[in-house]
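Computed from the coordinates by the stated procedures, all read-outs in this text should not be read as laboratory data. Source: prediction; values computed, not measured. Heads up, the Cβs are rebuilt from the backbone with ideal geometry, glycines too, and the neighbour counts pull from every protein chain shown.
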Amino acid sequence: MNGLTTRTGVASKSGSRMIGTLKARAMTAAALLLGALIAGSAQAQDFDADATINIGSLYEPQNLDNTAGAGQGINEAFNSNVYEALFRLTDAGNVEPVLAKSYKVSDDGLTYTFTLQPGVKFHSGDPLTSKDVKFSIERVTSAESKSSRKNSLKPIAGIETPDDATVVIKLSSRSISLPYNLSYVWIVNDTATNLTATEDGTGPYELEDWRRGSSLALTRFDGYWGQKPTNGDVVFQYFTEATALNNALLTGSVDIITSVQSPDSLKQFKDNKDFTVAEGKSTTKLLLAYNDRVAPFDNVKVRKALARAVDDAKLLKAVWGDYGTLIGSMVPPTDPWYVDLTKTDAYDPASAKALLAEAGYPNGFTFTIDTPNYDPHPIAAQFLQTELAKVGVKVNINVITANEWYSKIYKAHDFQATLQEHVNHRDIVFYGNPDFYWGYNNPKVIDLIKQAEASATTDEQTAKLKEANTIIAEDAASNWIYLYPQIVVSAKSVTGYPVNGLNSQFFVSGIKKAD
Amino acid sequence: MTDTNLVAASPEGRTRRSWTFTIGAIIVGLHLVIGLSTLFWTPYDPTGMSGGRLEMPSLSHLAGTDRLGRDLFTLIMIGSRIALVVGTGAVIIGGLIGITIGLLAAFASRTLDDILAASLDILIAFPTLLLAMLIVASSDGASLGTAIVAIGIANSAIVARLTRILAKRVLRMDYITAARISGTSWLGVVAIHILPNIWPTLLVNLALQFGLAVIAEASLSYLGLGAPPPNASWGRLLQEAQGTVYTAPFGAIAPGIALVLLVIGINLLADGLRDIGDPTRRRRR
């Protein structure tokens, strides 16, 4: 399949060269020059409207349902590609309407009336109605839902569907980021079943084939209501190992790597004119998340001490070379409520020791970090082990798989501390949920995050969240180690892909492959 | 005594034999010395970040440094110890289980023997590494102990089959019947007649199993199923160096060389042992 795609590409290239030669013979010297110029520019703009785009990724979804703990891979493959929402978070970080054609907010901010885009069809052929929207939102807020955004939708008191094209959402309290939060809610056909293995969305692509452990193939949906994709098929190919993924791009079996995970592999692409390296903004943070419910991590002093004991800059340098950014809290610089908190509990092993003694652990203690088995977690865990040993804290490393992480930590909260990359945009709100896996529970923060939601203006919201952000950092709720860089590498012939990794979304419908 | 006589009678055989045995012994001995020395001394603190990121090999860092700036030579030395511990542990476990089952089969009734032999053949047909992976995966978590047990169990089938065949051959001898008639117990037969007779061949096989166990441990660690970090297993060093193999190839080459050297050394040693223990080979020369 891959080999075939590559070969077809080569054949069509030589074909256009042949036509160029024929033209040249028929023209005079001057016209020849002009003709070559025109042919040249036409070729640069031309793209194969039916091309297959092969996308290489390290993030295979666990299943196909984002309310069932599928992981970041499903956002990458499905957001805006297979499923659409009422709104979407664009690659630039703005919220724009998609399936909502327009909306009105009542003066008290408690009633949102959405008018749906007309003529929208699901892949199964059913038309989109307000009932589907109600069904989809309730799917996310239901008791069984494992959506990480479930809590953000709590203010929704009721959903009414006065007619097929109108959805009225009644809120129990103001929710300024409702449109933003709705961008996480896939609109799913209300008759759809078995969504962990199949799909029925409204997006520009439908699922063609999912080979677990290998690839996810999407094909253009001809009944799509919006702008047609500039390619025919998209295949997400999953790799478990970055070197294999890099080699796949080098040999042409994939066209794009959604997110390069090692600075050392970039050199081979930067020095090569056949590839484009694009550096965008990421929202992915590496966290040492403690279980704040259990001793000794229920003690603020212990958490602060551990934060001070770790030289984050050194680890960032080890893993990312000269890429990446240090952060002092969960909020990356691209979020509106960013505050520079890198000075809070900055690296200072001496005061870390003093704080540990104050907290009642003058001789340190021992704890286990549950470490996902893929890079950079094992190396980060070893780094933490060494750093914390210097202040007398002994770390055991327990290597687990992504599946184990989801069941043991995310669901069962059965852990002391864990390393995890958090990819979501605006995910400071997770600290307002005491039932989240890390169990951070500060009533002041919960209240501030609630108030921010109830703000009438974005300025008010920003001020409240800045305050919450500062408290979370002061509490050392988790240890925010660094912010990843977002680097996309592609073959030169491929353009039109998103460069920012917000929410690890990867919109594919605008990707063009040169003819 | 007879051994020395025979060797003396065949000078060419002696030179060839000492060549493989000596080289093997030197390599394994070197690993042993290095491995044991890490218990008391290493050039650098194995977890300490003593250098810069991905430094090239130099006089201060003989094998360069890894991404965290740890001295790779130190880690490889510790890897040597881990490889030897796993090899020894796996051979002891595999040997104990294998020899016991093999002897049981040799002494058992026809039906039981057939069943045991068939199950051993099935086990041997099953890839060793896959079996070891299954055992590790079904245990509580990856650790050095589970890796040793898993590799030991996985390798025991071959030892069992060999023991069974060798023991059966000895059991057919007339002197066994004589020993039984003169009142020697079955355990006595095993201790006095069978084990001393089959030991040389078994030893060669166990030495080869040692080499396989070292490779199996590296493979398990490479897959993240071996000793958890910070145990510097060669397999894990290889795995960690994989992402930087183009920019800092030495991180992968150095543990690779150490692993290959040890396995070659063990195989040469086993080869030498076979020459010493196998009388037919001696007579041919």
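As an exercise, use a Förster radius of 45 Å and the Cβ-Cβ distance of A:ASP50 and A:THR191 to find the FRET efficiency, rounded to the nearest 0.05. Mind dumping the intermediate values first?
Working: r = 31 Å, r/R0 = 0.69.
Step by step, r from the Cβ atoms, then E = 0.90.
Going 7 Å from the Cα of A:ASP348 along its beta-carbon direction, which residues of region A:298-314 have the amide nitrogen within less than 17 Å of the resulting point?
A:300-313
So if R0 is 56 Å, what FRET efficiency would A:HIS413 and B:THR177 give, r being the distance between their Cβ atoms, rounded to the nearest 0.05?
The calculated FRET efficiency here is 0.25.
Net charge near A:GLU208, counting Lys/Arg +1 and Asp/Glu -1 over other residues with Cβ under 11 Å of its Cβ?
So the surrounding residues net to -2.
Kyte-Doolittle mean at least 1.0 and Cα extent at least 18 Å along the axis: which DSSP H helices of chain B qualify? Let's see the in-between values first.
Values: long enough: B:11-37 (37 Å, 0.53); B:72-107 (51 Å, 2.11); B:110-125 (22 Å, 1.10); B:144-171 (38 Å, 1.33); B:195-222 (39 Å, 1.14); B:250-277 (40 Å, 1.61).
Helices passing the filter in chain B: B:72-107, B:110-125, B:144-171, B:195-222, B:250-277.
Can you work out the Karplus-derived ³J(HN,Hα) for every residue in region A:460-466? Use 6.51 cos²θ - 1.76 cosθ + 1.60 with θ = phi - 60°, whole Hz, and x for glycine or proline.
Once rounded to whole Hz, the list reads 5, 4, 4, 4, 5, 6, 4.
Give or take rounding to whole Å, what are the principal axis extents of the alpha carbon atoms in region B:179-246, in descending order?
Ordered largest first, region B:179-246 gives principal extents of 70, 20, 14 Å.
Hey, could you grab the Kirkwood Rh for region A:285-483? Inverse mean 1/r over distinct alpha carbon pairs, Å, one decimal. Present the calculation step by step, with values, prior to reporting the outcome.
Values: mean 1/r = 0.0589 Å⁻¹.
Roughly 17.0 Å, rounded to one decimal.
Based on the Cα coordinates of region A:84-202, what is the per residue volume of their convex hull in Å³?
Numbers: hull volume 13.1 nm³, N = 119.
Given the Cα convex hull of region A:84-202, per-residue volume reads 110 Å³.
Helix-derived [θ] at 222 nm for chain B: sum -39500 (n - 2.57) over DSSP H runs of at least 4, divide by residue count, nearest 500? Kindly include the intermediate steps, with their values, before the conclusion.
Working: 11 runs with 204 residues, N = 285.
That calculation yields -24500 deg cm²/dmol at 222 nm.
Cross-link candidates for A:LYS408: which lysines have Cα within less than 18 Å, leaving aside residues fewer than 8 places away along the same chain?
A:LYS146
Mean residue ellipticity at 222 nm from the helices of chain A, using -39,500 (n - 2.57) per DSSP H segment of n ≥ 4 over the full residue count, to the nearest 500 deg cm²/dmol?
The per-residue figure over chain A is -9000 deg cm²/dmol.
Would you mind pulling out the separation of the Cα centroids of region A:256-276 and region B:61-95, in Å?
So the separation of the two Cα centres works out to 32 Å.
Which lysines, if any, have their Cα less than 16 Å from the Cα of A:LYS492, not counting same-chain residues under 8 positions apart?
The reachable lysines, counting only those whose Cα sits under 16 Å from A:LYS492, are A:LYS13, A:LYS267, A:LYS270, A:LYS273, A:LYS512, A:LYS513.
Could you tell me the ratio Rg/Rh of region A:434-515? Both radii from Cα atoms, Rh via Kirkwood.
When Rh is taken as the Kirkwood radius, the ratio is 1.18.
Rank the residues B:ARG169, A:ARG139 as a footprinting-exposure proxy: fewest other Cβ atoms within 10 Å of their Cβ go first.
B:ARG169, A:ARG139
Would you please give the residues with an amide H less than 5 Å from that of A:LEU218, counting only those at least 5 places away or on a separate chain, with H modeled from the backbone geometry?
A:GLU208, A:VAL234, A:VAL235, A:PHE236
What order do you get for A:THR230, A:THR196 when you list them from fewest to most C-beta neighbours inside 10 Å? Please list the in-between numbers first.
Details: A:THR230 19, A:THR196 15.
In increasing order of surrounding Cβ atoms, one gets A:THR196, A:THR230.
Over the C-alpha atoms of chain A, what are the Rg and the largest Cα-to-Cα span, Dmax, in Å?
Expressed in Å, the Cα Rg and Dmax of chain A come to 25.0, 91.
Check A:ALA417: other-chain or 5+ apart residues with amide H under 5 Å from its amide H, H built from backbone geometry?
A:ASN291, A:THR368, A:ASP370
Per residue of region A:402-418, in order, report the coupling 6.51 cos²θ - 1.76 cosθ + 1.60 (Karplus, θ = phi - 60°) as ³J(HN,Hα) in whole Hz, putting x for Gly and Pro.
Each residue's phi maps through the Karplus curve to give 4, 5, 5, 4, 5, 7, 6, 9, 5, 8, 8, 6, 9, 6, 9, 8, 8 Hz.
Pull out the extension gain between B:ARG169 and B:SER138, defined as 0.36 nm times the separation in residues minus the alpha carbon to alpha carbon distance; nm, one decimal.
Answer, rounded to one decimal: 7.4 nm.
Considering chain B as a Gaussian network with a 10 Å cut-off on Cα pairs, which listed residue, B:LEU54, B:LEU134, B:LEU237, attains the greatest mean-square fluctuation?
So, out of B:LEU54, B:LEU134, B:LEU237, the one fluctuating most is B:LEU134.
Residue by residue through region A:119-126, which ³J(HN,Hα) values in whole Hz follow from phi under the Karplus form 6.51 cos²θ - 1.76 cosθ + 1.60 (θ = phi - 60°), with glycine and proline marked x?
Going residue by residue, I get x, 8, 10, 6, 4, 7, x, 5 Hz, with x marking Gly and Pro.
For a quick check, take a GNM of chain B with Cα springs below 10 Å and name the residue from B:ILE194, B:ILE93, B:ILE266 with the largest mean-square fluctuation.
In this elastic network of chain B, the residue with the biggest mean-square fluctuation among B:ILE194, B:ILE93, B:ILE266 is B:ILE194.
Compute the helix-to-body angle for A:130-141: its Cα long axis versus the longest principal axis of chain A, expressed 0 to 90° and rounded to tens.
Helix A:130-141 sits at roughly 40 degrees to that axis.
Sorted from fewest to most neighbouring beta carbons within 10 Å, what does the list B:ARG110, A:ARG308 look like?
B:ARG110, A:ARG308
Amide H of A:ASP255: which non-local residues (sequence gap of 5 or more, or other chain) have their own amide H closer than 5 Å, using H built in the peptide plane?
For A:ASP255, the qualifying residues are A:ASN54, A:ILE55, A:GLY56.
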